[in-house]
Each structure stands twice: as C-alpha cells, then as structure tokens.
1. Across segment 166-190, what is the number of residues that are farther than 23 Å from residue 149 by Cβ, in contact with a strand residue (DSSP E or B) (Cβ under 9 Å, 6 or more places away or on another chain) and in contact (Cβ under 8 Å) with a residue 24 or more places away in the chain?
2. Would you point out the residue of segment 352-379, among those that are in contact with a helix residue (DSSP H, G or I) (Cβ under 7 Å, 6 or more places away or on another chain) and in a strand (DSSP E or B), that is farthest from residue 342 (Cα to Cα)?
3. Could you list, in sequence order, the residues of segment 91-106 that are assigned to a helix (DSSP H, G or I) and out of contact with any helix residue (DSSP H, G or I) (no Cβ under 7 Å at 6 or more places or on another chain)?
4. Whether any residue in segment 107-126 is free of Cβ contacts under 8 Å to residues at least 40 places away in the same chain, in a loop (DSSP other than H, G, I, E, B) and surrounded by 16 or more Cβ atoms within 10 Å (Cβ to Cβ) is what I want to check.
5. Taking segment 294-324 on its own, how many of its residues are more than 18 Å from residue 24 (Cβ to Cβ) and loosely packed, with under 15 Cβ neighbours inside 10 Å?
6. Which one of these is closer than 30 Å to residue 90 by Cβ, within 20 Å of the chain's Cα centre (by Cα), modelled with pLDDT of 95 or more and not assigned by TED's automatic domain parsing to the domain that holds residue 399: 349, 306?
7. Conditions first: (1) at positive phi; (2) touching a helix residue (DSSP H, G or I) at 6+ places or on another chain (Cβ under 6 Å); (3) not in a loop (DSSP other than H, G, I, E, B). Residue 343 passes all but one, so which condition is the exception?
8. Which of the residues spanning segment 224-243 are surrounded by fewer than 24 Cβ atoms within 10 Å (Cβ to Cβ) and on the phi < 0 side of the Ramachandran plot?
C-alpha cells in the first residue's frame, strides 16, 4: 500500500486495504493469505467467476495465437462471433448489428453518436440518479456530483435530466404514471423534435440499485418509438444474467433500439458493445466507429467463453436462486433502519435510513460496510445519498458462502446500534 501511495495517482482510491493474489468462486485471497467473501464481483464484472476455467482456456489459446491486430486493419473471427452472439441474445427479434469497444463509458458515448447520426438531432435525455460513466460526455449524463463530476467540468452540452421512477422515495408504484410525468417534462423542456436519444439503466446502478415501477420502461420505449427518438438501454451493469434475466430489459419485454453492454460480458477482460437495430447502427459513415483496442481478440475470446458459461451452466436461473436466498436473509433482519430491500437476481440492495423514518443514513452504510470489511466480507456502497449497501456476488458463489456473508452483515448492522 505504501508503494501504491508513492506510485499511483491519489485520485485512484481503493475500497479495501488489501492486495489480491488469487480469486474465484466468490473468494478473493490476498497477499497475506486472508480469504475474503466477494459480494462485489469487481463491480458486477466477474459474473462467471474470477478465474472461470472456460475463460482461462479461451484466453490462453488466443494469447498463444496473437494478442492484437486491430480489427479495423486486419479483422479476425472472434470479433464477428461476439457480434453474432450479441445480436442473438439481446432483446428483440429484429435485424441487428453490433460494434465493440473497451469500456462501458466508451460504449455509452458511441451509442449517443450513433443515435445522433441516425436522427440528425442533438439532445440526449437521462434521468435522476443515473450513472453512465466517467468520460466528459458520460459525466454530463451521470447525476451524482461526488466523487464523479466534482471539479471536472464544464461538461458536454445538450444533455438534459428528468425525473425517473424511484418507488421507495416517490411513492408512485404505477410505472405508467411515473413515465407520464417524465415525458411531460421532456415534451415541455426539450421537445421530441430536438431529441436524439433517451438513455436509461433498466435498473439504476450507482444511483442506488433503483428498480423502476412496473410499466415505466415500456411506456418510455413506446413514446420513443412514436416520436422518432432512439431508446437506449444502458445494461452495462444489469446485463449478462446479473438480474435473473439475460438482460434486465427482458423482464417487461422491452426491446431497446440500442443496448449498451460491458462489465459481465467478458469474465473480467475489458470489452463493451453497442448492439441495435440494423438501420440505426448503420447510420454512421464507414470509419466513424472504432478504436485501436475495441474488440481486442483476447477479450473477444473471453466473452465467447463467458457467454457459453452463462448458457451452459444455467446462470440466469442461478441469479434467481441467489435473489431468493439473499432476500430471505435480509427480510429476516429486524431493523427499522432498513428502509427498503430491492433489486433482482444477484443485483440486490438495502437502503439504510434513520431509525423509524426515511431520512438517508450514509454514515450507517459506511459503518456497516467497514465492519463487514474487517470481518472479511467485501460489500460496496452506492446511491445518490450514499446510503445503500449493494450486493453483486458472482453467480458461481455457493449458498454456504452467501450464508456466511450475510451472517457477518447482520452482525455488522447489530453492532452499529
């Protein structure tokens, strides 16, 4: 850690004061031999495990063949195979095309570029509590100031924020009503004639694992379809079985015009994608999309192996099993500071509040997370108010490890009384 402090920029923080030596199966082993239960998965990345045998084998074989050629110079089969898989797996049976990139933020930014090229319009709508990345454009799209936006402006123009659906705090359980409120704001303040894209996380991630009321997403998608606006689902965190569906948009049968993926796509290697309707994806001119490392052959090999693992090992169903187990454990904790238990699959959260009320309690979230860390359980906080504990275990974790982890969390909550 002393070496980190002397060599790494201070703006790069760490949650845990440990250094990893090995990881898999829901366990991270540090350089001192301590074993920690992983409820973070590298922020929803190691969905199939941190050393998945299929991923390891595929990567090893590809490294021995070649590490890079740049797809834009000398293409290779892996990129095409990943595109074919995403065209097949993402929601909707329409004709699709895919472009590959490196990170979630890069893919979001390219989705906006594609939407603008297709519609010939400029404006982009995002929502309260949104998180879309750390580039200049995606910081404009992200809602939370600290630690993401503070001191880094000015940000890209023509990005507009509207209210979304947060059932615990807005007390609106009818998604159609919440959507009508948001759409009224869009029509009055921006206008469909100026709007290229509406971008939304089907379950908001960093904003607090907020699941919108049923009907909210379908209503937005229908309005976009009727008004010539590109509906973009940011499934960077929700994609690839994380929410108990292959993609969170599947739950209500929403077929986005464009869908953005990353994180769980490649078993820990950097890869992201924009997949969407062929006519929209084909709008940019040849050479308008790309990047030196986008769709790197090693990452593509890892992605194909990760997708095979999800499908062959029944990890969509496993995510639902994890949801049942974890929600039962959380529901058995009698503590009036737990304001809300929410989420889907293995993307779950508790929102912590002042005793007997709804006032956010970020200090309690920090204290519980710190106590869990001290007992060897990696848990992350999130939320616009910093008061949410989020649980993102790998889908390969055992029930026994989950039970151990939530024993620790229950004890940590009790210790903060």
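The values are calculated or read from the model by the stated rules, or taken from the named source; none is laboratory data. Bear in mind that the values here come from a model prediction, so they are computed numbers and not experimental data. Counting neighbours? That spans all protein chains shown, and the Cβs are built from the backbone with ideal geometry, glycine included.
1. 3
2. 377
3. 106
4. no
5. So the answer is 4.
6. 306
7. (2)
8. 224, 225, 226, 227
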